[in-house]
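The values are calculated or read from the model by the stated rules, or taken from the named source; none is laboratory data. Nothing here was measured: the structure is a model prediction, and the numbers come from that model. Glycine also receives a Cβ, built like all others from the backbone with ideal geometry; neighbour counts cover every protein chain displayed. Just so you know, the surface numbers come from the protein's heavy atoms only, side chains and all, with ligands and any DNA or RNA stripped out. Shrake-Rupley method; radii C 1.70, N 1.55, O 1.52, S 1.80 Å.
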Amino acid sequence: MLKVDGLSVYFGSQKVLDGVTLELPTGVMAGLIGRNGAGKTTFMRAVMGLIAKMEGHVGFGDTDLTSLPAHDRAGLGIGYMPEDRKLVPEFTAEENVLLPAWSTGMKDASARLDWVYGLMPEVANFRERRANQLSGGQQKLVALARALLCGNHMLLLDEPFEGVAPALAQRLAQIIATLKDEGIPVLIADSNEQHVRGLIERTFLIERGTVEVRD
């Protein structure tokens, strides 16, 4: 379970998140829904340890993530798909997917990669191409594949449908839908609830840095 309690984030003197409290139980797929600038990306970056100035507590199971270095999260089985993809341009698609395995010394990386390719055969088809040779949509697929490689205990997906063609958005939704059978918690940030309506079981509405749960 992801448990966030009283999370506040500051950029300079400006409070961007204001005492956010939420729980994401095991096996639940939820949406973090809010307009652009509401604080979705800031929340995900804070959970991933990528924000320097913050208050409150972030826990994952029995692990306190609040003071844990960001790079340790992959070793805990937390996968993260950032909004801007963050691929290494000179690496191939497959090398980008394998980055979490290399950084954590994942022992079952080969089997996990085969599972990812089984779920996303299109990524296997262009695995030898460098990231800077891929279209924006293909880069989205690689970013999701990378998150899936290590995210066997939790997934955070930041705006996975933003800026992609309707056909690719539908394909991404199909891939994400299959994760329900994996029984892991998934949090999807999106500005448009219609993108995730058929996927999520719980909705967190974020506005001006505060979050409320809508049952």
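Summed over the stretch 100-159, the residues that are part of a helix (DSSP H, G or I), open to solvent by 40 Å² or more (accessible area, probe 1.4 Å) and in contact with a strand residue (DSSP E or B) (Cβ under 7 Å, 6 or more places away or on another chain) give a count of 0. Here the stretch 48-64 is the region considered, the condition is being within 18 Å of the chain's Cα centre (by Cα) and part of a strand (DSSP E or B), and the residue that is surrounded by the most Cβ atoms within 10 Å (Cβ to Cβ) is 58.
Based on this model, can you work out whether residue 67 counts as of a type in the set (Ser, Thr, Tyr), out of contact with any Pro (no Cβ under 6 Å at 6 or more places or on another chain), open to solvent by less than 50 Å² (accessible area, probe 1.4 Å) and more than 23 Å from residue 137 (Cα to Cα)? Steps first, please.
Numbers: of a type in the set (Ser, Thr, Tyr): yes; out of contact with any Pro (no Cβ under 6 Å at 6 or more places or on another chain): yes; open to solvent by less than 50 Å² (accessible area, probe 1.4 Å): no; more than 23 Å from residue 137 (Cα to Cα): yes.
Against the criterion (of a type in the set (Ser, Thr, Tyr), out of contact with any Pro (no Cβ under 6 Å at 6 or more places or on another chain), open to solvent by less than 50 Å² (accessible area, probe 1.4 Å) and more than 23 Å from residue 137 (Cα to Cα)), residue 67 does not qualify.
Residue 210 fulfils the conditions (1) surrounded by fewer than 18 Cβ atoms within 10 Å (Cβ to Cβ); (2) touching an Asp or Glu at 6+ places or on another chain (Cβ under 8 Å); (3) closer than 19 Å to residue 25 by Cβ except for a single criterion, (3).
The residue of the stretch 70-99 that is least open to solvent (accessible area, probe 1.4 Å), among those that are over 29 Å from residue 191 (Cβ atoms) and either touching a Lys or Arg at 6+ places or on another chain (Cβ under 7 Å) or among the aromatic types (Phe, Trp, Tyr) (or both), is 92.
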